[in-house]
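Here the structure is laid out as structure tokens; the discussion comes afterwards.
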Amino acid sequence: MIARLVMWIVMLLGGGALGLWLDVRWAWARALLLNPWWHLLTLAAGAALLWGVLRVSRYTGRLLARMGREGDDIPRMDTNRLVTADIYACMRHPMHLGLMFFPLSIALILGSPTFIFIIAPLEMLIMVILIKLVEEREALAKFGDAYRAYMKTTPMFSLRPDCIRKMLGEPLPKERD
């Protein structure tokens with residue numbers, strides 16, 4: 001858990017610092033960095049994206065805490081039940097999909113072109129790789145055959161509109177008779 005927190009801090013602070021450092025050195029990035037209209041646009045987009053990231057994190061975290069824990073002796077950030085209902089019926093890693101956009105939201109808020117176009121996408125790719133190599137292996141070790149069956153029926157991520165609405169904790173529209 002500590003290693004993951006450190007990784008997030010390094011990605012966000014390091015990505016921001018590296019992005020701004022490169023922005024000053026590259027003419028195309030420096031031109032955008034010094035443009036106030038660019039900053040207004042990226043700030044608005046970044047704030048909206050950060051709001052979505054926080055909303056997804058809050059909703060999926062509460063869902064896991066409610067449905068993924070059986071018993072009182074479970075550590076705070078841990079689960080002991082496989083959750084396959086609600087948003088977890090749409091995708092296996094909805095919280096990670098939301099958090100994957102955290103670096104991009106920070107990059108947009110900073111207005112760093114290099115962070116937005118180069119560093120944040122690389123960090124997002126690293127996150128996908130880590131989810132596949134670390135999170136999936138941990139879930140397989142913890143839940144075994146039940147998780148293997150879940151993997152066969154449910155994708156890692158889904159961008160279907162109904163899944164995105166669920167991920168944001170919004171009720172789905174009712175079907176008409």
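The values are calculated or read from the model by the stated rules, or taken from the named source; none is laboratory data. Being a predicted model, the structure only gives us computed values, none of them experimental. Note: ideal-geometry Cβ built from the backbone for every residue, glycine included; neighbour counts use all protein chains shown.
Which is of a type in the set (Val, Ile, Thr) and touching a Lys or Arg at 6+ places or on another chain (Cβ under 6 Å), of ILE129, ILE106, ILE87, ILE118? Quick ask: steps written out before the conclusion?
Numbers: ILE129 fails: touching a Lys or Arg at 6+ places or on another chain (Cβ under 6 Å); ILE106 fails: touching a Lys or Arg at 6+ places or on another chain (Cβ under 6 Å); ILE118 fails: touching a Lys or Arg at 6+ places or on another chain (Cβ under 6 Å).
Exactly one residue qualifies, and that residue is ILE87.
Within region 63-90, residues that are outside any loop (DSSP other than H, G, I, E, B) sit with their Cβ atoms under 8 Å from residues that are among the small types (Gly, Ala, Ser), at 6+ positions apart or across chains, in these pairs: MET67/ALA85.
Restricting attention to region 41-71, which residues are of a type in the set (Ser, Thr, Tyr) and over 12 Å from the mean Cα position of the chain (by Cα)? THR42, TYR59, listed by residue number. Among the residues of region 9-19, those identified as modelled with pLDDT under 90 and surrounded by 15 or more Cβ atoms within 10 Å (Cβ to Cβ) are MET11, LEU12.
Screening HIS96 with (1) under 16 Å from the mean Cα position of the chain (by Cα); (2) modelled with pLDDT of 95 or more gives one miss only, at (2). For the criterion of being of a type in the set (Lys, Arg), closer than 29 Å to MET151 by Cβ and surrounded by fewer than 17 Cβ atoms within 10 Å (Cβ to Cβ), ARG25 fails. From the list ILE131, ILE164, the lone residue that is under 25 Å from LEU64 (Cα atoms), free of Cβ contacts under 8 Å to residues at least 12 places away in the same chain and either outside any loop (DSSP other than H, G, I, E, B) or more than 17 Å from the chain's Cα centre (by Cα) (or both) is ILE164.
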